[in-house]
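No value in this document is a laboratory result; all are computed from the given coordinates. All values reported here derive from a predicted model rather than from experimental measurement. All Cβ positions, even for glycine, are placed from backbone atoms using ideal geometry, and neighbour counts span all protein chains on display.
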Amino acid sequence: MNKFRIEITKGEGIRYISHLDYAALIERAICRSGLPAAYSEGFNPHMKIAFASALAVGVTSDAEYMDIELAKPVCQPEFFDRLKENLPEGAKLLKAKQFEEKHKALMAEVDLAGYEIKVPLHGALVEALKAVKKYNDEAEVFYKRVTPKKMREIEVKQYMKSDIQLQGNDDMLILHMQVTITSSGSIKPGEILELLKDSFGMPIEPMEALINRQTLSGRGKPLIDLV
């Protein structure tokens, strides 16, 4: 058993690094730890590490998951201690679990993400409550995702596990949402905030939001429990 699935954070100190930079951060920590990482073959070998679901820049996470393959066996306590000691601030190793070589790919297992979003309120709380209620009551909601190459209209509600939950006061809103992740795609929390502002009149500025992914699961379980 030379594979480990780990549960790890992306904290406030590294909120604004990209997914690629976060991946490089983990790889450097593995190298510093002296763990015998396995590499692909060929002209440009890569460390054998797989991620569950990429985070957008500016989003933190309480529990990210990745599978790491080693070139030779290492016991779980040694793996955990050596990796934990070499991670930078903001990346805290929570769990590490060994599993059999043959297993479903990590990206194929994840199907749900839970988010908490804190965003300043620029208006009356009752306006925010009305905006969320109107959004929740809609059977279909469409978002126009614009990229440098194309524009695509996405029906958002197909990716919402349940209604958005809202609480807050005259200064700050806290929203909770459950977003499904499918083979055909998903929707980003920041895009939902844009919709709430532009289409439903919520008095917020989405760029001011602090988004935290609290959970990442598959078949109703944390991904660490699927191995």
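Before moving on, here are some points about what is shown:
- Listed by chain and number, the aspartates and glutamates whose alpha-carbon sits under 18 Å from that of Lys150, ignoring those within fewer than 8 places in the same chain, are Glu191.
- About its Cα centre, the dipole of the stretch 112-218 is roughly 480 debye, where the only charges are +1 on Lys and Arg Cβ and -1 on Asp and Glu Cβ.
- Thr182-Lys134 FRET efficiency (beta carbon distance; Förster radius 22 Å; 0.05 resolution): 0.30
- Sparse-neighbourhood loop sites, GluC sites (Glu not before Pro) in the stretch 67-108 - DSSP loop, at most 11 other Cβ within 10 angstrom: Glu89, Glu100, Glu101
- All Cα pairs of the stretch 1-135, percent lying beyond 23 Å: 42
- Given Lys149/Lys221; Lys10/Lys102; Lys10/Lys97; Lys92/Lys144; Lys157/Lys197, the pairs whose alpha carbons are separated by over 25 Å: Lys149/Lys221; Lys10/Lys102; Lys92/Lys144
- Inter-label distance, nm, simple model (7 Å from Cα along the C-beta direction), Ala124/Ala54: 4.3
- Inter-label distance, nm, simple model (7 Å from Cα along the C-beta direction), Ala24/Glu78: 3.1
- Listed residues Gln214, Ala128, Asn169: farthest to the positive end of the dipole of the stretch 112-218 (Cβ charges): Gln214
- Relative to the longest principal axis of the Cα atoms of the chain, helix 189-198 runs at roughly 10 degrees.
- Listed residues Tyr143, Tyr65, Tyr22, most fluctuating in the chain (Gaussian network, C-alpha, under 10 Å): Tyr143
- Most mobile listed residue (Phe200, Phe99, Phe43) in the chain, GNM with C-alpha springs under 10 Å: Phe43
- Normalised size of the chain, defined as Cα radius of gyration per 2.2 N^0.38 Å with N residues, equals 1.13.
- Per-pair calculated FRET efficiency, R0 = 25 Å: Asp198 and Ile174 via Cβ, rounded to 0.05: 0.75
- Rel. contact order, % - alpha carbon contacts under 8 angstrom, at least six apart, the chain: 27
- Gln214-Gln165 pseudo-label distance in nm [points 7 Å out on the Cα-to-Cβ vector]: 0.6
- The chain, dipole about Cα centre (Lys/Arg Cβ +1, Asp/Glu Cβ -1), debye to the nearest 20: 540
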